[in-house]
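Novice: Sharing a structure with you now.
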Amino acid sequence: MQSTSIVQNLIPQQTASATNALKDGQMITGKVVKIHGNNTAEINIGQTKITAVIDAPITVGERYLFQVQNGGEVTSLKVVPSNGTNQSVKELAMQLLQHFSLTQTKESITLAQFFLKNELPLTKENFTQALQWVQSNGEVSKSLHIMKIMRDLSLPFSHDVFKAIAAFENKVPLSTLFSSLSQSVMNGESKTEVSLKAVLSQLLLSNVDKAAEKVLHKMLSTWLSSGGNVKDSMFRLLQEIGLFSKQTRPSDVLNQSLRLLNENNTIVQDPSIRNAVDLLVKMQTTTDANVVKPIQESFQQLVKNKILELSDNNKESGVWKQIQQELKVSIPNRSTINDLQNQPKTNAEQRKPVVENISTLGQNSYMKIAKHLLSYIMRTDQNIVRSHELLQLFAKAGKTLNSATNNLDQARQYIANQLLQAVEGRQESIIKYDSYDKQLLQTLIQEEVTALSASKSSIFASEMKSALRMLGVGFEHHLANLDQSTTIKESELLSLKPLLLKIINETQSMNVKDHAEQLLNKISAQQILSQASGPIQHIITQFPITFHQFQAEVTMQWSGRKKKDGVIDPAFCRVLFYLQLENIDETIIDLVVQNKVMKISVINERANILQNIAKSLMQQVKERLEAIGFKISSILFEQPNSMNHPALQIKRESAVYDTSPYSGVDIKI
């Protein structure tokens with residue numbers, strides 16, 4: 001699917017009312033209000049009255065089935081012959097099916113009644129299309145409910161929109177869809193599949209696990225960029241926490257990392273660095289002097305060209321200068337190689353030392369060059385997805401051949417436990433200062449411990465923003481606002497929605513495509529249902545969130561007056577949170593803000609218990625809100641069955657969107 005069509009088809013736009021958009025050939029039901037001369041009559045269709053030319057005798061007060069015809073400036077309606085007057089909706093539905101020459105089944109009659117009852121104009125083509133949706137969906141009532149939403153919100157009558165709304169209505173949580181898709185692409189090795197696995201992994205990780213990955217990234221960067229005691233200590237720590245096997249040597253990790261990096265063309269984006277990795281791998285694996293010499297010369301020329309190309313203050317120039325220094329002692333001259341190649345070769349045992357000599361010449365310098373390259377890649381690649389891919393790569397490089405464990409999962413869990421213990425103040429069980437190694441690790445985790453010790457509200461806000469960014473719900477908006485000469489940033493492409501669009505077009509696996517389409521529809525529905533109604537902007541988001549040991553599926557709706565810049569005015573808005581929580585189950589929080597005065601309603605089956613628990617926190621909530629300019633008029637705890645609360649329109653099986661049109665002067669509450 002092209003980017004332009006994505007923007008046009010998925011960003012909701014207000015359309016004209018049904019009566020203003022009548023087209024030739026459409027069928028419509030209407031009630032005769034008044035008959036004029038010249039074969040014209042006033043017809044009531046829905047909430048609107050129109051004047052139309054009628055081609056046959058009609059009776060005031062009767063309802064008829066009409067077919068729209070070209071009639072110039074005045075609408076012309078052809079009366080479909082009926083079997084009598086005062087027909088019921090069911091009789092009109094059967095008459096419509098007969099006119100379309102369609103079989104009368106339970107589904108077709110029910111669908112025809114739906115269109116006629118809601119006075120929606122239709123053609124045989126879109127009726128047949130809708131009938132296919134009903135039949136494929138399997139549940140007639142749910143299909144009609146979805147089509148009613150499409151009508152109420154003036155959404156395009158297309159299968160893509162129908163599937164998106166159906167996915168949003170589905171009870172399956174996003175986290176479950178993430179896991180299913182991740183499992184289906186588990187063995188995929190294409191560029192898109194690798195990136196998709198990384199994005200899904202990040203969406204499923206808690207904030208503690210993400211912090212643990214940041215620590216692992218620091219540890220690897222420190223090992224690659226340091227020397228002496230720090231280098232040795234860091235490698236031992238990486239073995240101790242399980243990222244590297246205790247049987248693996250540093251040279252094994254470096255060699256294997258370079259090979260894996262060379263095989264995976266998605267991680268390194270810089271073509272010069274990618275070329276350098278490729279040439280270095282070839283130099284390490286080639287033993288034929290006639291072959292290795294041109295590779296060495298190409299590598300030297302690449303380094304020389306990059307140094308000449310980059311200015312001295314360019315950050316990238318440093319790594320090339322470091323490599324150039326190592327090359328002076330790394331690459332043997334031609335005569336040394338020739339001498340080794342010309343040694344007598346009487347049998348396999350005599351040839352073996354020759355091969356080993358050639359392949360290990362300058363091995364120490366080769367490893368230093370590898371560390372320079374890998375260290376540069378680790379430092380410059382700060383994208384969370386690419387960072388995760390690098391950790392996976394190093395974990396794979398640090399495994400022994402017969403190891404079945406996932407080194408990254410093991411190491412991340414170890415670090416996550418240390419972080420949680422530090423945050424919770426369990427000093428007796430965290431790493432002690434009895435060795436240089438442990439002091440070094442304690443220093444590395446301290447920054448993340450501080451971040452995890454922040455208030456839960458700030459952590460929630462940060463995780464929410466991160467989740468929405470990773471979902472890619474703003475992808476089309478970003479594309480629509482790009483200049484033609486501007487290149488799309490990699491960070492925009494490394495979000496879930498563009499990757500789903502790509503994998504659907506690329507994959508041959510029906511299992512992968514099916515899971516990807518389900519998830520894509522669920523995300524697209526959020527965009528379709530987020531739209532403006534007059535001066536009021538509605539925004540709907542749905543995402544899973546996990547921080548510390550708390551997990552929830554969150555659905556949120558913002559409704560508020562737009563400011564001049566198009567942003568919702570926080571002083572006049574309404575925010576609905578629908579949370580599926582582990583211990584207290586379904587919970588709705590309704591925030592109504594008028595001129596920065598806030599009314600908070602918490603709706604839950606255990607409202608009384610929650611109110612008692614929350615008493616000690618009330619003053620703190622008021623003070624925190626006053627600090628940012630808001631006042632609280634009331635905080636109420638209510639049971640779902642205790643009152644007809646407006647927020648109770650939110651149910652697990654129903655949508656949170658408001659389909660009623662905007663009315664009023666200032667804001668709709």
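The values are calculated or read from the model by the stated rules, or taken from the named source; none is laboratory data. Here the structure is a predicted model, which is why all the values come from computation and not from measurement. FYI the Cβ positions are ideal-geometry reconstructions off the backbone, even for glycines, and counts take in every protein chain you see. Protein only, heavy atoms only, side chains kept; ligands, DNA and RNA dropped before computing areas. Shrake-Rupley method; radii C 1.70, N 1.55, O 1.52, S 1.80 Å.
Residue-wise test of (1) charged (D, E, K, R); (2) assigned to a helix (DSSP H, G or I).
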{"site": "Gln526", "(1), (2)": "no, yes"}
{"site": "Pro544", "(1), (2)": "no, no"}
{"site": "Thr555", "(1), (2)": "no, no"}
{"site": "Gly566", "(1), (2)": "no, no"}
{"site": "Pro570", "(1), (2)": "no, no"}
{"site": "Glu586", "(1), (2)": "yes, no"}
{"site": "Lys615", "(1), (2)": "yes, yes"}
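Novice: Here is a further query. Please count how many residues of the stretch 50-76 are surrounded by 15 or more Cβ atoms within 10 Å (Cβ to Cβ) and assigned to a strand (DSSP E or B).
Specialist: 13
Novice: Of all residues being open to solvent by less than 10 Å² (accessible area, probe 1.4 Å) and part of a helix (DSSP H, G or I) in the stretch 225-250, which is nearest to Gly318 (Cα to Cα)? Just the residue, please.
Specialist: Here the residue is Met234.
Novice: Can I ask one more? Name the residue, out of Leu610, Leu625, that is open to solvent by less than 80 Å² (accessible area, probe 1.4 Å), assigned to a helix (DSSP H, G or I), touching a residue at least 24 places away in the same chain (Cβ under 8 Å) and within 20 Å of Pro570 (Cα to Cα).
Specialist: Exactly one residue qualifies, and that residue is Leu625.
Novice: What number of residues within the stretch 35-54 satisfy the criterion of being modelled with pLDDT under 85 and under 23 Å from Gln98 (Cβ atoms)?
Specialist: Number of matching residues: 1.
Novice: Go through the stretch 251-288 and count every residue that is open to solvent by less than 50 Å² (accessible area, probe 1.4 Å) and either part of a helix (DSSP H, G or I) or under 20 Å from Arg386 (Cβ atoms) (or both).
Specialist: So the answer is 23.
Novice: Within the bounds of the stretch 490-507, is there any residue that is modelled with pLDDT of 75 or more, β-branched (Val, Ile, Thr), under 29 Å from Leu591 (Cα atoms) and touching a helix residue (DSSP H, G or I) at 6+ places or on another chain (Cβ under 9 Å)?
Specialist: For the stretch 490-507, residues modelled with pLDDT of 75 or more, β-branched (Val, Ile, Thr), under 29 Å from Leu591 (Cα atoms) and touching a helix residue (DSSP H, G or I) at 6+ places or on another chain (Cβ under 9 Å): absent.
Novice: Please work out which residue is modelled with the lowest pLDDT, limiting yourself to the stretch 554-587 and to residues that are open to solvent by less than 30 Å² (accessible area, probe 1.4 Å) and farther than 22 Å from Lys631 by Cβ.
Specialist: Among those residues, the one meeting the criterion is Leu581.
Novice: Follow-up. Which one is farthest from Val80 (Cα to Cα), of the residues in the stretch 122-138 that are open to solvent by 30 Å² or more (accessible area, probe 1.4 Å) and outside any helix (DSSP H, G or I)?
Specialist: Gly138
Novice: I need a count of the residues in the stretch 185-202 that are of a type outside the set (Ser, Thr, Tyr) and open to solvent by less than 20 Å² (accessible area, probe 1.4 Å).
Specialist: 7
Novice: Could I ask something else about it? Between a first residue in the stretch 33-46 that is among the small types (Gly, Ala, Ser) and a second residue that is in a strand (DSSP E or B), which pairs have beta carbons less than 6 Å apart while being 6 or more apart in sequence or on different chains?
Specialist: Between residues of the stretch 33-46 that are among the small types (Gly, Ala, Ser) and residues that are in a strand (DSSP E or B), the close pairs are Ala41/Val32; Ala41/Ile35; Ala41/Ile54.
Novice: What do you reckon, is Leu155 crowded, with 18+ Cβ neighbours inside 10 Å, touching a helix residue (DSSP H, G or I) at 6+ places or on another chain (Cβ under 6 Å) and modelled with pLDDT of 85 or more?
Specialist: In short, no.
Novice: Looking at (1) exposed (fewer than 15 other Cβ atoms within 10 Å of the Cβ); (2) within 16 Å of Val385 (Cα to Cα); (3) of a type in the set (Ser, Thr, Tyr), which is the only condition Ser141 fails?
Specialist: Going through the list (1) exposed (fewer than 15 other Cβ atoms within 10 Å of the Cβ); (2) within 16 Å of Val385 (Cα to Cα); (3) of a type in the set (Ser, Thr, Tyr), Ser141 breaks only (2).
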